[in-house]
Amino acid sequence: MIDTALPPDNSPSSHIRTFLHQLFTEIGDPLPEMWPHVSSAEYASRFRTLRQRLSQLYDFLDKHPTQNRVQRLFTRFYAESASALFALDREQAGLSLQAHPSSVQKLAARPPVEVRYDQLYCTPDSTERRVNKILEVQSSPDQGRVLFVGDDDLGSIVLSDRFQGEIHVIDLDTRLLDFIEQQAPQVQLHKIDLILGGVPPWMQGHFDTVVLDPPWDIGGAWAFLSRALYCLKQSPAARIILAFCPIQMELIGSEMRRFWLRLARYGLACESIHAACHLYDLTPMQTESYRRAFGLYLPEIESPLFDVLIKVPYTFSHLYELRRIEGFRMGKLRQKLFSWWLTNNQGPHEPPALSAANEPQEEIDAAEETIPSTYPAPPLQDATPHTIPEQSPSTAEAVPKEPAS
């Protein structure tokens, strides 16, 4: 007999399961008691139903004259998070997203999230999965150098119990740096503003693995990633472990493709993608300040479906494993500009651009080939995640609220 009991309450799985039952009840296709132990065909059918209802909501907001791009973005943020949780819960059937008690205990007393630093903490089990990936790509647990470019998820603390090499952290938040020093005094800390400040020259090419979870827009992401690239060793085995949610970039035309193309032109390729590897707590108790901030940008619509979506307990990011392109050599002028910008940067988020006319065609062609699919396909071939139905949403589903008189 299959055990369908919910996982322990301190596991993300229990909150995800409760939310999904509410969501599909609202959709009119309640999940069976055996969920997530259902057939592939049944899962695919419900996945299509969910995508169709979300597409109807998107279509309504895209066509409504009073809804701006920011409101559409935040709607997609919640809706795509719900979709990712549905797929994750099915894929993790029978497994509990439970962190080791020692990790939970160590991270429990960390400072609250600070919106002005764009912080959103991932769950302890997510931090453990990230650390497992770091150890997987490290050649030895007893040597090597790991750099965290920003560490509000405190991976350095969890890693410090299992890795005997050097661990460094760059961050601006003094609260987090003090907390890391208390929990893991062997970690070497560096207070640096990653948006406006430069990286010390001694860090260039110094680290075997560089780990980062940057802001999820192209400017903020590149500010962190460029520094990660600067600090990464010139070695085929060197890796960047990137936690990133593509929702915002994918809403803006070809922004995601532009992002990957730029990385390729600076000599990086994507080795692997672990979809929805990280979960970020959105429950009001954990992220009250974020909930308040997000609420300012949500559209004012009357929609039972939307009312459920904005209660999604977690959002997500993928884990991207990046490596240097074998044989890649950055041009001397580009290398000088890149290094100067990273050690002296006091302004723009993106590095100095060179004219496309200066790019060798073979480099551009090679870069095009390294661009990955940012949304890995769902487990089933017939489960199409972005099907947009022909019918428009009913007026009962999403009706703008009347302005206050």
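Within the full protein context, the accessible area of THR66 is estimated at about 90 Å² for a probe radius of 1.4 Å. The tail of the calculated P(r) for region 84-224 beyond 21 Å holds 45 percent of all Cα-Cα pairs. Remark: C-alpha extents of region 15-106 on the principal axes read 50, 38, 18 Å, sorted largest to smallest. Evaluated on region 119-195, the Kirkwood hydrodynamic radius is 12.5 Å, with distances taken between all distinct Cα atoms. Each other residue within a Cβ distance under 10 Å of SER235 adds +1 if Lys or Arg and -1 if Asp or Glu, for a net charge of +3. Between LEU268 and ILE325, the built amide H atoms are under 5 Å apart, and every one of these is 5 or more places off in sequence or on another chain. Within the assembled protein chains, the solvent-accessible surface assigned to ASP118 is about 80 Å², based on a 1.4 Å probe.
Ranking SER235, PRO214, LEU251 by Cα position along the charge dipole of region 206-265, where only Lys, Arg, Asp and Glu carry charges on their C-beta atoms, puts SER235 farthest toward the positive end. Residues THR49, THR315 ordered from highest to lowest accessible area at a 1.4 Å probe: THR49, THR315.
The values are calculated or read from the model by the stated rules, or taken from the named source; none is laboratory data. Because the structure is predicted, anything quoted here is derived from the model rather than measured. FYI the Cβ positions are ideal-geometry reconstructions off the backbone, even for glycines, and counts take in every protein chain you see. Remember, those area values only see protein heavy atoms, side chains included, never the ligands or the DNA or RNA. Shrake-Rupley method; radii C 1.70, N 1.55, O 1.52, S 1.80 Å.
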